[in-house]
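The values are calculated or read from the model by the stated rules, or taken from the named source; none is laboratory data. Model, not experiment: these values are computed from the prediction. Here the Cβ positions follow ideal geometry from the backbone for every residue, glycine too, while neighbour counts run over all protein chains shown.
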Amino acid sequence: MKVLNIGSLNIDLVNRVDHIVRPGETAPVLSFARFAGGKGLNQSVALARAGAEVLHAGAIGADGLFLRELLESEGAECSGIAVLNDVPTGYALIQVAKDGENAILVNGGANHAVTPELAEKALARMTSGDILLLQNEISSLPEIFRSATAKGLRIFFNPSPLTPEIAELPLELADTLLVNEEESAALRAAVPEKFAACNTVTTKGAQGAEFRSPGGETVFVPAFPAPKVVDTTGAGDTFTGFYVAAIARGEGVRQALTEGAAAAAIAVSRPGAAAAIPRRSELEICK
Ligand code: RIB
């Protein structure tokens, strides 16, 4: 089963700091690095490193060609990535504190120039039963949800970062929502009926991850101990990519949750987002 990810591609500008800067404070940067990122790109890298057949569609500016090259080098099919002349690539301004926690500002750039037409070309390459993975960092999501549903695709949606517009999306068309605990609580409060209509996979940090079906079936998997926490950026994306790759391979929910949790525990022990994602062969449970 193929996975199409219509997703964001960002340039991550990562600043290591002592602590996340407080309102009104000016703080020194201890070190700086530029990484490939974006929830979409990170999740495609995770899918590919988990062994999935992945197609990525989205938009970058001329300054973001290295992002497409990186995805191609991972084995993702990238003909659905448009290079726009008049819009810069999206970027994320990231602070990573000494304890590994992060704070992220995202400027959408070309990710917000994804049109229904661009998405349609990518969707036309998929067949009924294939998986579509989406995050909340691109434009045209309502049209993409509806078109993918008409084509019989299974939609896995990671609604990060949460924005007020999410409530207007036809979330009930999603097969599965992949959320953290805060997102779960916010969506359950804002759109209870849509939320209850979907499978949910909730990551619970150091506790673990839980699947819940609309019928009330639950599957819980405890977190794997992280060897050390260096940078939590992209840990959720790593989980999502490994979870969806396992489902695409035909695994059950428990195995998919376990592979997602094991991969995320490795990712937080390394710097960067996409750069930190392990290969499936590195997972002890898969050796
Ligand atoms: O989930 C981490 C990602 O969020 C970063 O790579 C950044 O680009 C933002 O999209």
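Summary of computed values
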{"quantity": "Per-region count, region 87-137, residues at pLDDT 95 or above, within 16 Å of the ligand (Cβ to nearest atom) and on the phi > 0 side of the Ramachandran plot", "calculated": "1"}
{"quantity": "Any hit, region 44-55, residues being under 16 Å from Asp231 (Cβ atoms), within 16 Å of the ligand (Cβ to nearest atom) and touching a residue at least 12 places away in the same chain (Cβ under 8 Å)", "calculated": "yes"}
{"quantity": "Looking only at region 13-43, and only at residues there that are of a type in the set (Lys, Arg), touching a residue at least 12 places away in the same chain (Cβ under 8 Å) and more than 9 Å from the ligand (Cβ to nearest atom), the one that is nearest to Ser139 (Cα to Cα)", "calculated": "Arg34"}
{"quantity": "Filter result for Glu193 (surrounded by fewer than 18 Cβ atoms within 10 Å (Cβ to Cβ), more than 24 Å from Ala92 (Cα to Cα), among the charged types (D, E, K, R) and touching a residue at least 12 places away in the same chain (Cβ under 8 Å))", "calculated": "yes"}
{"quantity": "Region 194-216, residues that are among the β-branched types (Val, Ile, Thr) and part of a helix (DSSP H, G or I)", "calculated": "none"}
{"quantity": "Candidate set: region 216-246, residues that are surrounded by 24 or more Cβ atoms within 10 Å (Cβ to Cβ) and of a type in the set (Val, Ile, Thr); chosen: the one farthest from the ligand (Cβ to nearest atom)", "calculated": "Val244"}
{"quantity": "Matching residues, region 262-277, being assigned to a loop (DSSP other than H, G, I, E, B), buried (at least 22 other Cβ atoms within 10 Å of the Cβ) and more than 10 Å from the ligand (Cβ to nearest atom)", "calculated": "Ile277"}
